[in-house]
Amino acid sequence: MIDFLKRLFLVRKCVVCRKVMLDDTREEVFCNECRAEYERLKALRCRICGREHRLCRCLPPRLFHDVAHAVHLIPYRDAFAHRLIYVLKRKNDRVTRRFLAGELVRAVRDAGVSTADCDVSFVPRLPKSIGYYGFDHSRTLARAFARMLGLPLKRLFRHKRRTPLQKNLTVWEREENARRSYHLRRRLPRERGRRLILVDDVVTSGCTMARLASLAKSVGYEEIIVVSLARAIFRRGRI
Ligand SMILES: [Zn+2]
Ligand SMILES: [Zn+2]
C-alpha cells in the first residue's frame, strides 16, 4: 500500500522531456532516451583538441589571460543542452542540482585539475531575476558543488541592477556590459595563496567570466578555474 502511494505521489518525471519515469527507484533525472542523449553529448569531441568535452581544456579566447583551466561537461548547442540549462534556471529542484553538481565534481577530477586551496564562487544573477524566480541558480549549483568537495563558498561579486541581458548582445557589447555589470562586493579581505573555482551554468563568449576572473585576481586569488555545465563552441574567436 505504502509503495503504491509512494508511486502515485512521488512519481518522477524526466527533467528534460517531462516523460513519467516508472523506474524511479534511483535518483535518476533523465528518462532512458534523454540519458542516452546526455551521454552522447558528453562523448562528443572538441573540434579544437579532439578530446571529449569533459576532458577538453581549451580556453575561449577571452579567458586566456586570467584563467588557468576551464572545465565543462557538454557543448551548448543542441535543444537538449538548452532545455537542461532552462530547467536548472527555472526549477529549484534538489535532485537535478545534486546530479549536475556531482557531474561537475567528476569532470574536474577527470580533467586532472587539483582543488587544493580552492574557494568556490559563482556568477550572481540579476537581483530582478532572483526576485522573480525566488532563487539564484548559480549560487545553489555552486553551493552543492562546494559542499561535495568540502570547499568554502564565497560571495565575491555583485550584479548591478538594470543592465541588458548578456544573451541579447554582440561579443563587443558583452565585454563592455560585463565590465559595467559585475563588481566586487565591498570590504572583501585580501586572499593569499588561495585559488578560486568559478561555477556557472553556461559559458558563451567568456566575457563575464573574464571580468570576474580579473576582479578575483585583484583581491589576491592566484589561480582561477572556470567550471560550467555547458560551453558554446567557438571557432576563430567567434562563438
Ligand atoms: Zn526525457
Ligand atoms: Zn578542446
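The values are calculated or read from the model by the stated rules, or taken from the named source; none is laboratory data. Since the model is a prediction, treat every value here as computed from it, not as a measurement. All Cβ positions, glycine included, derive from the backbone under ideal geometry; neighbour counts span all protein chains shown. Accessible surface areas use protein heavy atoms only, side chains included; no ligands, DNA or RNA. Shrake-Rupley method; radii C 1.70, N 1.55, O 1.52, S 1.80 Å.
A few remarks follow.
- Within segment 45-62, residues that are farther than 21 Å from GLU103 by Cβ reach no partner that is within 16 Å of ligand 1 (Cβ to nearest atom) with beta carbons closer than 9 Å at six or more positions or on different chains.
- Answer from ARG51, ARG62, ARG57 - the residue that is modelled with pLDDT of 90 or more and away from ligand 1 (no atom under 13 Å from the Cβ): ARG51
- Yes/no for LEU149 being surrounded by 14 or more Cβ atoms within 10 Å (Cβ to Cβ) and more than 14 Å from ILE225 (Cα to Cα): yes
- Cross-chain or 6+ apart pairs with Cβ under 8 Å, segment 25-44 first and open to solvent by 60 Å² or more (accessible area, probe 1.4 Å), then part of a helix (DSSP H, G or I): GLU27/VAL95; GLU27/ARG98; GLU27/PHE99
- Matching residues, segment 60-111, being assigned to a loop (DSSP other than H, G, I, E, B) and either surrounded by fewer than 21 Cβ atoms within 10 Å (Cβ to Cβ) or touching a Ser or Thr at 6+ places or on another chain (Cβ under 6 Å) (or both): PHE64, HIS65, ASP66, ARG77, ASP78, LYS91, ASN92, ASP93, ALA111
- Unmet requirement for ARG18, which otherwise passes all of (1) open to solvent by less than 50 Å² (accessible area, probe 1.4 Å); (2) assigned to a loop (DSSP other than H, G, I, E, B); (3) within 15 Å of ligand 1 (Cβ to nearest atom): (1)
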